[in-house]
Every structure is written in structure tokens, then in C-alpha cells.
Amino acid sequence: MTVYRPLTLIFFLILLTVPSAAQEDEAEGIQHLATLSGRVTDIVLYGETPHGIRVDVSFEGRLSGMVHGVMKGIDYSLVRGDDVIEIDVRASILTDDGASISAEIRGTMLDGEIRDTSVKLVTGHPAYQWLHDKIIVGKGRSVGDRLNVRYFIDL
């Protein structure tokens, strides 16, 4: 039976919590992709359903960053009984250089805090096809009719 001294055990636990070089490289690969500064343009309330309250929220805004242009779309929201809003967005991005990019975004919102846990971007434009297989997430706020979401990409 092996007996570990307290200092040896503490050292071992510290080693487990220190990120490896590979983990540090992964963290360094995450970069700011774009920031959406937008506003709500229309709301359609469907009312109470068996799954929660259904609401369609149309929005539009400017993207700035590695991808810049105009984003327009609809969030097919579902307000659950615990007040968490399930985000289910379909949007289009028209970049300043003329590319059209399709966006599919899923996530949650609670108390105005937006957490986009899955962002999928697809386009036929050669300049933006590098976005297809990337992990993209977003975090932001919704206050009144204003939206501000920062998107991050794992390069």
C-alpha cells in the first residue's frame, strides 16, 4: 500500500490544476469574431403553449470585427416556466464586401443576459467559408429594444 505524504499530495493536486501547454494553446486560439449592436424591430406574441410562451422577435443590427456588415433575423423564442428564454435564431448577414452568410443560433437568455451556446455560419462565398467548421459562441445583453452580443471563435 502506498502512503502519500501531505506535501506530495498537495503538489500532485496542483499539477492537476495547472493547464498543459496544449490547453494554453487552445485558450489562445479563442478570438473575438464580431460584436452585434442591434435593436428589436418587431414582436409577434403567440401566447401560452404546452411548451411555454411562444414569441417571434425580429431584429437587425451592425456587426463589427472580423466579420462586419448587417445582420437581420428572427428569434423564435420560447419563454419557459422558469423564466429562461430559449433562443432559436435564423438570420442573414450581408457583409460590407457583399457576401451573404446564413446564421443559425441557439442559446438561452435570463434577466437580459444572452448566452448563445451554438452559432453556425454557412455561406457559398469563398472569402468566408473558413467559418463553416468553427466553434462559435456569443455572450451579451438585451435591454429594452437594444441588443449587444459579442461573438467568439475558436480558431
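This table checks each residue for (1) within 22 Å of residue 44 (Cβ to Cβ); (2) assigned to a strand (DSSP E or B).
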residue: 71; (1), (2): yes, yes
residue: 81; (1), (2): yes, no
residue: 92; (1), (2): yes, yes
residue: 104; (1), (2): yes, yes
residue: 115; (1), (2): no, yes
residue: 124; (1), (2): no, no
residue: 138; (1), (2): no, yes
Within the stretch 88-118, restricting to residues that are surrounded by fewer than 21 Cβ atoms within 10 Å (Cβ to Cβ), touching a strand residue (DSSP E or B) at 6+ places or on another chain (Cβ under 7 Å) and of a type in the set (D, E, K, R), the one that is nearest to residue 131 (Cα to Cα) is 104
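Counting only residues that are touching a Lys or Arg at 6+ places or on another chain (Cβ under 9 Å) and within 15 Å of residue 54 (Cα to Cα), which one in the stretch 71-87 is surrounded by the most Cβ atoms within 10 Å (Cβ to Cβ)? I'd like the intermediate steps shown before the answer.
Pass one, the stretch 71-87, residues touching a Lys or Arg at 6+ places or on another chain (Cβ under 9 Å): 71, 73-79, 86-87.
So of that shortlist, the ones also within 15 Å of residue 54 (Cα to Cα) come out as 74-79, 86-87.
Details: 74: 16, 75: 25, 76: 16, 77: 20, 78: 17, 79: 18, 86: 16, 87: 21.
Selected residue: 75.
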Has the stretch 130-142 got at least one residue that is closer than 18 Å to residue 35 by Cα, touching a residue at least 40 places away in the same chain (Cβ under 8 Å) and in contact with a His (Cβ under 9 Å, 6 or more places away or on another chain)? no
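Residue 123: of a type in the set (Ser, Thr, Tyr), in contact with a Lys or Arg (Cβ under 9 Å, 6 or more places away or on another chain) and surrounded by 14 or more Cβ atoms within 10 Å (Cβ to Cβ), yes or no?
no
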Give me the pairs, please: first residue somewhere in the stretch 44-55 and closer than 13 Å to residue 88 by Cβ, second residue anywhere and not hydrophobic (A, V, I, L, M, F, W, C), beta-carbon distance under 6 Å, and either six or more positions apart or on two chains. 52/80; 54/46; 55/77
For residues in the stretch 51-63 being modelled with pLDDT of 95 or more and either loosely packed, with under 13 Cβ neighbours inside 10 Å or aliphatic (A, V, I, L, M) (or both), which is farthest from residue 147 (Cα to Cα)? 53
From (1) at pLDDT below 95; (2) closer than 24 Å to residue 133 by Cα, pick out the condition that doesn't hold for residue 67. (1)
Would the stretch 116-128 turn up any residue that is out of contact with any helix residue (DSSP H, G or I) (no Cβ under 8 Å at 6 or more places or on another chain), within 22 Å of residue 154 (Cβ to Cβ) and acidic (Asp, Glu)? yes
Qualifying residue in the stretch 71-87 (condition: within 14 Å of the chain's Cα centre (by Cα) and farther than 16 Å from residue 151 by Cα): yes
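The values are calculated or read from the model by the stated rules, or taken from the named source; none is laboratory data. Just so it is clear, the model here is predicted, and its values are computed rather than measured. Don't worry about glycine lacking a Cβ; one is built from the backbone with ideal geometry, like all the others, and counts go over all protein chains shown.
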